[in-house]
Amino acid sequence: DLAITVIIAFLWLVSTSTWAKALATIKMSTGASIIPGIESCKAPGTTCHFVSVTSMGTLNVSVVFGLLNMVLWGGNIWFVYKDTNLHN
C-alpha cells in the first residue's frame, strides 16, 4: 500500500506540473504578444488590435485543485507509513 500511495502522489505531482506548464503555454500562445507574428498584421496599411481573450479562471482552478490533490496524497503517505512495519 505504501509503494502504491507514493507512486500515486508522485504521478499527481508530475501531472499537475505538466498541466500547469501547458496552461502557461496556452496563455502565452493566446495573448497579445502573438500579434506581431501574424503575417496579415504585417501588411502595409493594416492595423491589428488585441481585444480580449476568454477567461482562464476555471483552468487556473483546475491547477490549484491538482496541487491540493497532490498534497492530500502526500499526507496519505504519512498515514499509510504509520501502519507499516517500517514505523516503530
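For segment 25-45, the candidate set comprises residues that are small (G, A, S) and open to solvent by 70 Å² or more (accessible area, probe 1.4 Å); within that set, the residue that is nearest to S62 (Cα to Cα) is S33.
Only a single criterion out of (1) part of a helix (DSSP H, G or I); (2) surrounded by 12 or more Cβ atoms within 10 Å (Cβ to Cβ); (3) without any contact (Cβ under 8 Å) to a residue 40 or more places away in the chain is not satisfied by W78, namely (2). Before we move on, is K42 over 19 Å from the mean Cα position of the chain (by Cα) and basic (K, R)? Yes, satisfied.
Go through (1) open to solvent by less than 90 Å² (accessible area, probe 1.4 Å); (2) part of a helix (DSSP H, G or I); (3) more than 30 Å from D1 (Cβ to Cβ) and name the single condition V53 misses. Answer for V53: the failing condition is (2).
Hey, can you tell me all the residues within segment 14-24 that are modelled with pLDDT of 95 or more and open to solvent by 50 Å² or more (accessible area, probe 1.4 Å)? Listed by number, the residues that qualify are V14, S15, S17, T18, W19, K21.
The values are calculated or read from the model by the stated rules, or taken from the named source; none is laboratory data. Keep in mind that this is a model prediction, so the values were computed, not measured. Because the Cβ atoms are built from the backbone with ideal geometry, glycine has one as well, and the counts that use them run over all protein chains shown. Keep in mind that these areas ignore ligands, DNA and RNA; they rest on the heavy atoms of the full protein, side chains included. Shrake-Rupley method; radii C 1.70, N 1.55, O 1.52, S 1.80 Å.
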